[in-house]
Amino acid sequence: MAGVAGGGGNGNDFQWCFSQVKGAIDEDVAEADIISTVEFNYSGDLLATGDKGGRVVIFQREQENKSRPLSRGEYNVYSTFQSHEPEFDYLKSLEIEEKINKIRWLPQQNAAHFLLSTNDKTIKLWKISERDKRAEGYNLKDEDGRLRDPFRITALRVPILKPMDLMVEASPRRIFANAHTYHINSISVNSDHETYLSADDLRINLWHLEITDRSFNIVDIKPANMEELTEVITAAEFHPHHCNVFVYSSSKGTIRLCDMRSSALCDRHSKFFEEPEDPSSRSFFSEIISSISDVKFSHSGRYMMTRDYLSVKVWDLNMENRPVETYQVHEYLRSKLCSLYENDCIFDKFECCWNGSDSAIMTGSYNNFFRMFDRNTRRDITLEASRESSKPRAILKPRKVCTGGKRKKDEISVDSLDFNKKILHTAWHPMENIIAVAATNNLYIFQDKIN
């Protein structure tokens, strides 16, 4: 798989170009329509988004069409359903919002697809299946569904299957509730395909996909006295190949790797990843910006990537004392931390993702910018998700932010960045150079020029 670069240079570069945009153009965006999670399934043929209104929208990739060669790989709406509803916790007098925090696909085992979706408190397992046939000719009921009088049935008939218009059904198969006191921030399906974990601010639970009334608490960092609380869990993920290994990150910028074989309660980690802080750069904001907002294992399982407020770090699982790679996402914001603290942007939780071959990584920024880093060439690029460049096959121009001094023609000044337009959620197709980028209520899909 190729790298990230756009334009010029050596022959194996490629350029990203616009493919599709989903969502309304309205200036006034309803809060419920804001996308809160984006996830490709294992084959990349389905793409799911969740929003703040508790809805899940699944897009399916179209097959190649000889009559429309340019439509190759377009994603169109496959199924839309209401996953979560707003609730009220009467014991604590708290509203539980319906916003979808995370979606995770299960590997496909049969014709149906399964996914887990979660809000702050409740995880649901959804089955998405197709029906294109219906049974006709029942013995005990008429075609309109009314029951027939058994005494008037004189002959038995064999019901037959008739073709009908394709119907995609989403049905909740399991509901995993009442196990989290705090807000759920992560779910991760284990490589054994039987269990998954869910993490909130202070605890991580292990579930079996078939059992809804019982989960095992595998991490608990809640102190006996809550006044002694110094850190919270921000993200957690299972290793892609070793079903006994998982990691979780904290608001203090550390990552703990735990092995479930060592003990039932993994309060004592096997590995502890932390980069020592440079005392010369310490400031009032150091602790806030070092908080990790996302952690992702590479597909190979050799590395993991963490995102903090200003940077992305790649860690080798065999080296705990410092990351092997550090990429600055928007270093030009370091001088703006004071105003970002005042408008609460400093608490934004940016996610990050790997490409299919682990050779490139992607994460979001402000002004609808997103960043890509090529791990082999160490080159990086800034691209923008905007309707201005949303003509089919339009090549995305690299964007540059001017940090001071004289601004060049195609640069944008730090002071004119729009901090309300932020790209927190991105996803990369597991096999191809196709990316999905959520910008507020719009989902942008880009692909490489070769595609």
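The values are calculated or read from the model by the stated rules, or taken from the named source; none is laboratory data. Because the structure is a prediction, the values reported are computed rather than measured. Cβ: placed from backbone, ideal geometry, glycine included. Neighbour counts: every protein chain shown. Protein only, heavy atoms only, side chains kept; ligands, DNA and RNA dropped before computing areas. Shrake-Rupley method; radii C 1.70, N 1.55, O 1.52, S 1.80 Å.
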Checklist entry - Of the cross-linked pairs LYS52/LYS422; LYS22/LYS121; LYS296/LYS336; LYS102/LYS222; LYS102/LYS252; LYS52/LYS313, which ones have a Cα-Cα span greater than 19 Å in the structure shown? => result LYS22/LYS121; LYS296/LYS336; LYS102/LYS222; LYS102/LYS252; LYS52/LYS313
Next on the checklist: Tell me the relative contact order for region 294-390 as a rounded percent, counting alpha carbon contacts under 8 Å between residues six or more apart.
Outcome noted: 19 percent
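Per DSSP H run of at least 4 residues, take -39500 (n - 2.57); add these up for the chain, divide by its residues and hand me the 222 nm value, nearest 500 deg cm²/dmol.
On the way: 2 runs with 11 residues, N = 451.
The helix contribution divided over the chain gives -500 deg cm²/dmol.
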Checklist entry - For region 204-249, with equal point scatterers placed on the C-alpha atoms only and solvent neglected, what are the log10 I(q)/I(0) values from the Debye formula at q = 0.28, 0.29 1/Å, to two decimals? => result -1.10, -1.12
Checklist entry - Expressed as a rounded percentage, what relative contact order does region 125-250 have, with Cα pairs under 8 Å and six or more residues apart? => result 19 percent
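Give the residue list of chymotrypsin sites (Phe, Trp or Tyr not before Pro) in region 239-317 that are DSSP loop and have at most 14 other beta-carbon atoms within 10 angstrom.
On the way: sites: PHE246, TYR248, PHE272, PHE273, PHE284, PHE285, PHE297, TYR303, TYR309, TRP315; in loops: PHE284, PHE285, TYR309.
Those that pass, being in a loop and sparsely packed, are PHE284.
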Checklist entry - Rounded to a whole number of µm²/s, how large is the Stokes-Einstein D of region 108-162 at 20 °C and 1.002 mPa s, given Rh as the Kirkwood radius over C-alpha pairs? => result 143 µm²/s
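Keeping all protein chains in place, calculate the accessible area per residue for the chain (probe 1.4 angstrom), answer in Å².
Working: 23050 Å² over 451 residues.
Here the per-residue accessible area is 51 Å².
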Item to check | Evaluated at q = 0.11, 0.15, 0.18, 0.21 Å⁻¹: base-10 log I(q)/I(0), Debye formula over Cα of region 293-433 | outcome: -0.44, -0.80, -1.12, -1.40
Checklist outcome for this item: Residue by residue through region 77-94, the couplings from Karplus 6.51 cos²θ - 1.76 cosθ + 1.60 with θ = phi - 60°, in Hz, x for Gly and Pro, are 4, 10, 7, 10, 8, 8, 7, 10, 10, x, 10, 9, 8, 6, 5, 9, 6, 10
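Rounded to the nearest 5, what is the percent of antiparallel bridges among the DSSP beta bridges in the chain? Mind dumping the intermediate values first?
On the way: 115 of 118 bridges.
Close to 95 percent.
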Checklist outcome for this item: Rounded to whole angstroms and listed largest first, the alpha-carbon spread of region 64-174 along its three principal axes comes to 60, 55, 24
Item to check | Where the Cα pairs of region 293-351 fall when distances are cut into 5 Å bins, in % | outcome: 4, 18, 23, 21, 14, 10, 7, 3, 0
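Tell me, what is the FRET efficiency for PHE272 and HIS183 to the nearest 0.05, using R0 = 25 angstrom and their Cβ-Cβ distance as r?
On the way: r = 25 Å, r/R0 = 0.99.
Efficiency, from the Cβ-Cβ distance: 0.50.
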Item to check | Cross-link reach list, lysines versus LYS162, counting only Cα pairs under 21 Å and skipping chain neighbours closer than eight places | outcome: LYS133, LYS141
Item to check | With 10 Å bins from 0: P(r) over region 347-403, alpha-carbon pairs, percent | outcome: 20, 46, 32, 2
Item to check | Loop GluC sites (Glu not before Pro), region 150-231 (other Cβ atoms within 10 Å of the site Cβ: 10 or fewer; DSSP) | outcome: GLU210
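Remind me, relative contact order of the chain in percent, using alpha carbon pairs under 8 angstrom and six or more residues apart? Please list the in-between numbers first.
Working: 1078 pairs, mean separation 67.2, N = 451.
RCO, the chain: 15 percent.
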Checklist entry - Which value, in Å to one decimal place, does the Kirkwood hydrodynamic radius take for the chain when every pair of different Cα atoms is included? => result 23.9 Å
Next on the checklist: I'd like to know how region 134-204 sits against the 2.2 N^0.38 Å rule of thumb: what's its Cα Rg over that expected value?
Outcome noted: 2.10
Checklist outcome for this item: Cys in the chain lacking any partner Cβ under 4.7 Å -> CYS17, CYS243, CYS338, CYS345, CYS352, CYS353, CYS402
Checklist outcome for this item: In this structure, the FRET efficiency calculated for HIS299 and LEU161 from their beta-carbon separation, with R0 = 25 Å, to the nearest 0.05, is 0.05
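On the protein heavy atoms, probe 1.4 angstrom, tell me the percent of accessible surface of the chain carried by carbon and sulfur. Let's see the in-between values first.
Values: 11260 of 23050 Å².
The computed percentage sits at 49.
Between the DSSP loop rule and a limit of at most 13 other Cβ atoms within 10 Å, which GluC sites (Glu not before Pro) in region 15-67 are left? Present the calculation step by step, with values, prior to reporting the outcome.
On the way: sites: GLU27, GLU31, GLU39, GLU62, GLU64; in loops: GLU27, GLU62, GLU64.
The qualifying sites are GLU27, GLU64.
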